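The block underneath contains the structure these notes are about, expressed in structure tokens.
The values are calculated or read from the model by the stated rules, or taken from the named source; none is laboratory data. Bear in mind that the values here come from a model prediction, so they are computed numbers and not experimental data. A quick note on method: Cβ atoms are made from the backbone with ideal geometry, for glycine too, and the neighbour counts reach across all protein chains shown.
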Amino acid sequence: MKTFTYTIQDEVGIHARPAGLLAKKAKEFQSTITLEKGGKSVNLTKLMAVMGMGVKCGDTVTVSVDGADEETAFAEMQAFFQQNL
Amino acid sequence: MKDKIFGVLQRVGRSFMLPIALLPVAGLLLGLGSSFTNATTIETYHLGNIIYEGGLLYTILDIMSKAGSAVFDNLALLFAMGVSIGMAKKEKEVAALSGAIAYLVMNTAISALISAKGGVEAMAANSTTSVLGITTLQMGVFGGILVGLGVAALHNRFYKIELPQVLSFFGGTRFVPIISTVVYLFVGVIMFFLWPVVQSGISHLGTLVLRSGYAGTWIYGILERALIPFGLHHVFYMPFWQTELGGSMMIDGNMVSGAQNIFFAELASKSTTEFSVSATRFMSGKFPFMIFGLPAAAFAMYRAARPEKKKMVGSLLLSAALTSMITGITEPLEFTFLFVAPLMYAVHCVLAGLSYMLMHILNVGVGMTFSGGAIDLTLFGILQGNAKTHWIWIVVVGLVYAVVYYFVFYFMITKLNLKTPGREPDDVEPKLYRRSDVNAAKAEKKAGGSAAVDMVSAMVLKGLGGKANLSDLDCCATRLRVTVQNAELVDDAMLKASGASGVIHKGNGVQVIYGPKVSVIKSNLENFMETPEAEHLDSLFAESEAETTVEETKPEPEQNSAPAEKAAGSGECLTLCTHMNGTAIPLEEVEDEVFSQKILGDGIAIRPAEGKLYAPCDGTIETVFDTRHAVNMTSADGVEILMHIGIDTVKLEGKYFEAHVSDGQAVKKGDLLISFDMEAITAAGYKLTTPMLVCNVDDYAALTPVAKGTVSVGETAIQLTK
């Protein structure tokens, strides 16, 4: 399992659009990818749950990647967060 | 490999049908317009007083004639677009645009090279022409077909391409015209060097065919008929009709290539005194056997049918015979005996070939737009006058042909005991007919409401092995042309029960012959495939067999009302209702890719007429976004729903939105969730389109958007099947 933390830069946070893109990205990998904030943790492929987290600009989230392709998934998810959020 | 080639050729053949279908109309305009503006005609019929140059009638006729000519002159462009459309698997409109552009680019490239070489004078004589004002090589429809096939290949390969982020605007279908332009620029350059070689090759081959005289015509005629069963006749005769293979001729100072083009150029020319039989010999032969021979054969089959079957067979044969006589579409008739009596078809081919040869020998110069029925004979034979066409020989030979066909067919059927319609053993065909009658009757019975199931389409689809078995579906003038995944799943008996007169298999290519009504069958089938019933064919058929329960198990879905329980197979059906008053649109039309490409889920959108969002079902509010422009809820059945008011409205940070519910709250269908100020949001520059999406759409077998047009809150919006 690999994890990274990231502080959201995007001023509107993880609203519908980024959540959708994030879930789409997470579905590309076999690994289970979870998003954690303030003790609450959700599977990134679960769009509703991700939106329900209400992640805002300035929040720090922890992303964990666990599974067969975790190396690539880790690198790509990190890149995705940096580019889009 | 052989099957694959057949599959491709079949698709090429049917992709010709779109441009070809235009020819009868263009021919009608040209035929009428030019006949009565031709100086000889006017003189012969003493029409000089009413039709004279500059007069109203003359001008109208002249416009008709020129409009018709415009179609024939630009056939190559039509083929470039038509073949692109026919061969493209999806997003056909993009293929059409790309085909047109590629055709222009290719010819322009050739044109520039011709100028560079020193203009038309520097080229071989008669090797150039003017296309849409571009001086280019004389390629006829070959040029168009070359573009169509290539563009379609590029299209099928690239229409879903994903480009790097910065270039993503140019990705997907937008990439197709771009790559087509680039590729055909080079194709143009290559053709400039290659085509003159092909040109001389073709003209030698054409000369050979032309020089082989009457025997050549006979062989052409036999081959043309013999290819009908394979549906490849269009591929065979088209080059003769449309390219140098069918001869070239100087008419009114223009070089014209192809038998049909020569005929119509002569028709348009006001100085024609007699049509060139060297061109019409590839056409005129159709008239005697289509108008006289085949109908007589139909009569022979009728006479040979068993007395108790005559009535049923009679109507079938009569309509097929009339179709052949009037329009020259012969397949409905030919297929009634092709499969049961191939030997008779062989005889028919030889006689048909002979007809072509006789017309050639007798110097008959009647052309046609599409086929050899009475319509074309009238326009291009009788109206042009016997002096120019010698059409009278068609009637003379035709009458002889009628007698020959009648006796040959009657003799063969009775002596060889061939199983033509009405002679088959009792247990096979009639049973199938009865089944189809029963089903049709049932379909009618259910047709009380608009939602009645289209049983014919259901049978066709089942006969073809179900929706999942279809990889490609199209039709030509008379047959459904299908590529299937697994040919073994195709059920010929079921297809015949649905009204087909024959089924041809070739690897994964299947052709089902229905006759001219096939285009209706195809559209119905396509519509039917969109309905949820198409997914549950087996239960549909199980249902219609268990007659007693039909009415109970299939209540007609109440229109626009709350949960319509549909007995669609084992799948449980869930309904979401409309979430707003306004206009419902498909998700694909939403002005934001994240919705239109269904990244967030599948569903429907509404352009609101009032600033209120309502609950589409009973359930629990999961999240009201801080910005109050979107709500997540989970229905009592577990459907995860996102409703998002407006496009990009997250940027309003909650301004103009008021939430009436909070996270975790239970709601009932129709409860007010959010109200918003439509005017203020619109004034701020945002669109109000509000998608309602099912986020966990993967948990369901099917999602069908139902709502369309103007809707009010509480109507059925989406149906989900588990």
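Values as computed for the structure displayed
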read-out: Residue list for the range B:648-677, filter: at pLDDT below 85 and hydrophobic (A, V, I, L, M, F, W, C); value: B:VAL650, B:LEU652
read-out: Subset of the range B:243-288 [polar (S, T, N, Q), farther than 20 Å from B:ILE375 by Cβ and assigned to a loop (DSSP other than H, G, I, E, B)]; value: B:THR243, B:SER269, B:SER271, B:THR272, B:THR273, B:SER276
read-out: Residue ID - farthest from the other protein chains (Cβ to nearest Cβ), chosen from residues in the range B:612-625 that are modelled with pLDDT under 85 and within 19 Å of A:CYS57 (Cβ to Cβ); value: B:PHE625
read-out: Wholly enclosed strands (runs of 3 or more DSSP E) of the range B:626-684 bearing at least 1 residues among the charged types (D, E, K, R), more than 11 Å from chain A (Cβ to nearest Cβ) and free of Cβ contacts under 8 Å to residues at least 40 places away in the same chain; value: B:657-659
read-out: Count - residues of the range A:26-44 that are under 20 Å from B:VAL694 (Cβ atoms) and either away from chain B (no Cβ under 14 Å) or polar (S, T, N, Q) (or both); value: 1
read-out: Test for B:SER278: is it surrounded by 24 or more Cβ atoms within 10 Å (Cβ to Cβ), touching a Leu at 6+ places or on another chain (Cβ under 7 Å) and of a type in the set (Gly, Ala, Ser); value: no
read-out: Tabulated pairs, the range B:114-131, first on the phi < 0 side of the Ramachandran plot and surrounded by fewer than 17 Cβ atoms within 10 Å (Cβ to Cβ), second modelled with pLDDT of 85 or more and in a loop (DSSP other than H, G, I, E, B), C-beta under 9 angstrom, 6+ apart or interchain; value: none
read-out: Candidate set from the range A:52-68 (those that are facing chain B (nearest Cβ under 9 Å) and touching a residue at least 40 places away in the same chain (Cβ under 8 Å)); member that is nearest to B:VAL639 (Cα to Cα); value: A:GLY54
read-out: Count - residues of the range A:38-75 that are charged (D, E, K, R) and within 16 Å of A:MET1 (Cβ to Cβ); value: 4
read-out: Where B:LEU104 falls short, out of the listed (1) surrounded by fewer than 20 Cβ atoms within 10 Å (Cβ to Cβ); (2) in contact (Cβ under 8 Å) with a residue 40 or more places away in the chain; (3) closer than 30 Å to B:GLY172 by Cα; value: (2)
read-out: Leading residue by the ranking (farthest from B:LEU642 (Cα to Cα)) among those in the range A:1-16 that are facing another protein chain (nearest Cβ under 9 Å) and touching a helix residue (DSSP H, G or I) at 6+ places or on another chain (Cβ under 8 Å); value: A:VAL12
read-out: One residue from A:ALA19, A:ALA23, A:ALA79, A:ALA49 being surrounded by fewer than 19 Cβ atoms within 10 Å (Cβ to Cβ), of a type in the set (A, V, I, L, M) and within 14 Å of chain B (Cβ to nearest Cβ); value: A:ALA79
read-out: Residue among B:LYS496, B:LYS446 that alone is touching a helix residue (DSSP H, G or I) at 6+ places or on another chain (Cβ under 9 Å), over 30 Å from B:VAL83 (Cβ atoms) and at pLDDT 80 or above; value: B:LYS496
